[in-house]
Amino acid sequence: ETGTLRDRFEETVARDRRVEPRDWMPEEYRRTLIRQVAQHAHSEIIGMQPEGAWITRAPSLRRKSILLAKVQDEAGHGLYLYAAAETLGADRADLTAKLLAGQQKYSSIFNYPTPSYADVGTIGWLVDGAAICNQVPLCRSSYGPYARAMVRICKEESFHQRQGYELLLTLMAGTDAQRAMVQESVDRFWWPALMMFGPPDDRSPNSARSMAWGVKRHTNDELRQRFVDMTVPQAERLGVTLPDPELRWNAERGHHDFGAVDWAEFAEVVAGRGPCNAERLARRRAAHDEGAWVREAATAYAAGQAAAAAV
Ligand code: FAQ
């Protein structure tokens, strides 16, 4: 019986069809998807903080409206992703509890500070740029609900990337001090953006299996290279220097060569010892506590509705 079910699962994956919530799937497939989707959801929610810090300080009504919309989109992405994880049998409250307890990861990138307003632009350009590069292939992920959530998320991320790039173009057309502010911000975010793609392929324990199952479509290093190749001409157009002396076009490979990422720094950040890990989790815990009354009210309301329906 399990043999046939497993055959059917393997065939679905081999034929590049989608696995749906009611289909039989290997427990390991379920587990790795819950892991990846939950980390992705947590990243969206924690990812609201670095830019959210600038909402009250945005320099104009237009900039404030754009930033508010972007940060709200991130909350929305978190919610669709938690919903996708629930189709796998996970419980959102439990995932949140694990995030708050530091038992589940979120992207390393959100543990870096945003001391400058230019960081809002740089996050849009580089962080959302990297996110799109990583997530467009996930629209073809083998798990249906995750793949479909990615379609809408990627459309919104494209808007996010554009608003960031446009903000930076505006600053670059301004004063010397504004141009310096952009360069300083790009200097801080470039390497952490490259780390978003995860460890190098020979140190990525999940890649081979996730690729075989069609959960991931490209390896971490492939996507990192694609991001570098895509970003270099954008940096030239913008007039900023990417902080890597080894970055150059390699005509033989048809790709840019680039310097070594500091994987020791990455390991520290993922282990919870990055510049803002403690602050991000403390803020998230406080928001959760402050929202307790909403959860209680919603539960009481639902109980009231159920009681009324039972009469
Ligand atoms: N940070 O074996 P692999 C966004 C962990 S974009 C922290 O290679 P995998 C949009 C990894 O989980 C950011 N941990 O793992 C936005 C694993 O640990 P585990 C979110 C990392 O899964 C923009 C271990 O290292 N995007 O939010 C990182 O095959 C602006 C070994 O790694 C996604 O989550 C990292 N950077 O590949 C929001 C995309 N990299 O679980 C607001 C979906 C790796 O075994 C503002 N996820 N780790 O304990 C993926 O594509 C994959 O999960 C990868 C990692 C590529 C991230």
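Residues in the stretch 49-56: is at least one open to solvent by 50 Å² or more (accessible area, probe 1.4 Å) and of a type in the set (Val, Ile, Thr)?
In the first step, residues of the stretch 49-56 are kept if they are open to solvent by 50 Å² or more (accessible area, probe 1.4 Å); the result is 56.
Now drop any that are not of a type in the set (Val, Ile, Thr), which leaves 56.
There is at least one residue in the stretch 49-56 that is open to solvent by 50 Å² or more (accessible area, probe 1.4 Å) and of a type in the set (Val, Ile, Thr).
Of the candidates Arg152, Arg179, Arg188, the single residue that is basic (Lys, Arg), under 30 Å from Arg140 (Cα atoms), outside any loop (DSSP other than H, G, I, E, B) and open to solvent by 50 Å² or more (accessible area, probe 1.4 Å) is Arg152.
Okay, residues lined up against (1) open to solvent by less than 10 Å² (accessible area, probe 1.4 Å); (2) near the ligand (Cβ under 10 Å from one of its atoms):
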site: Leu99; (1), (2): yes, no
site: Ser107; (1), (2): no, yes
site: Thr114; (1), (2): no, no
site: Val120; (1), (2): yes, no
site: Gly144; (1), (2): yes, no
site: Glu157; (1), (2): yes, yes
site: Glu166; (1), (2): no, no
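Residues of the stretch 258-281 that are at negative phi, open to solvent by less than 50 Å² (accessible area, probe 1.4 Å) and not aromatic (Phe, Trp, Tyr): Gly259, Val261, Val269, Gly274, Cys276, Asn277, Arg280, Leu281. In summary, helices (runs of 4 or more DSSP H) completely within the stretch 197-291 and bearing 1 or more residues that are in contact with an Asp or Glu (Cβ under 9 Å, 6 or more places away or on another chain), within 14 Å of the ligand (Cβ to nearest atom) and acidic (Asp, Glu) occur at 220-238.
Checking the structure you have, find out if any residue of the stretch 222-230 is loosely packed, with under 14 Cβ neighbours inside 10 Å and of a type in the set (A, V, I, L, M, F, W, C). Within the stretch 222-230 (the criterion being loosely packed, with under 14 Cβ neighbours inside 10 Å and of a type in the set (A, V, I, L, M, F, W, C)), the answer is no, since none of the residues qualifies. Of the residues making up the stretch 159-187, those that are touching a Phe, Trp or Tyr at 6+ places or on another chain (Cβ under 7 Å) and basic (Lys, Arg) number 0.
Being over 26 Å from Leu194 (Cα atoms), surrounded by 13 or more Cβ atoms within 10 Å (Cβ to Cβ) and among the aliphatic types (A, V, I, L, M), is that true of even one residue in the stretch 4-14? Looking through the stretch 4-14, at least one residue is over 26 Å from Leu194 (Cα atoms), surrounded by 13 or more Cβ atoms within 10 Å (Cβ to Cβ) and among the aliphatic types (A, V, I, L, M).
A residue that is outside any helix (DSSP H, G or I) and either within 24 Å of Glu157 (Cβ to Cβ) or open to solvent by less than 80 Å² (accessible area, probe 1.4 Å) (or both) occurs nowhere in the stretch 32-46.
The values are calculated or read from the model by the stated rules, or taken from the named source; none is laboratory data. The structure displayed is predicted, hence computed values, not measured ones. Glycine also receives a Cβ, built like all others from the backbone with ideal geometry; neighbour counts cover every protein chain displayed. Only protein heavy atoms, including side chains, enter the accessible area calculation; ligands, DNA and RNA are left aside. Shrake-Rupley method; radii C 1.70, N 1.55, O 1.52, S 1.80 Å.
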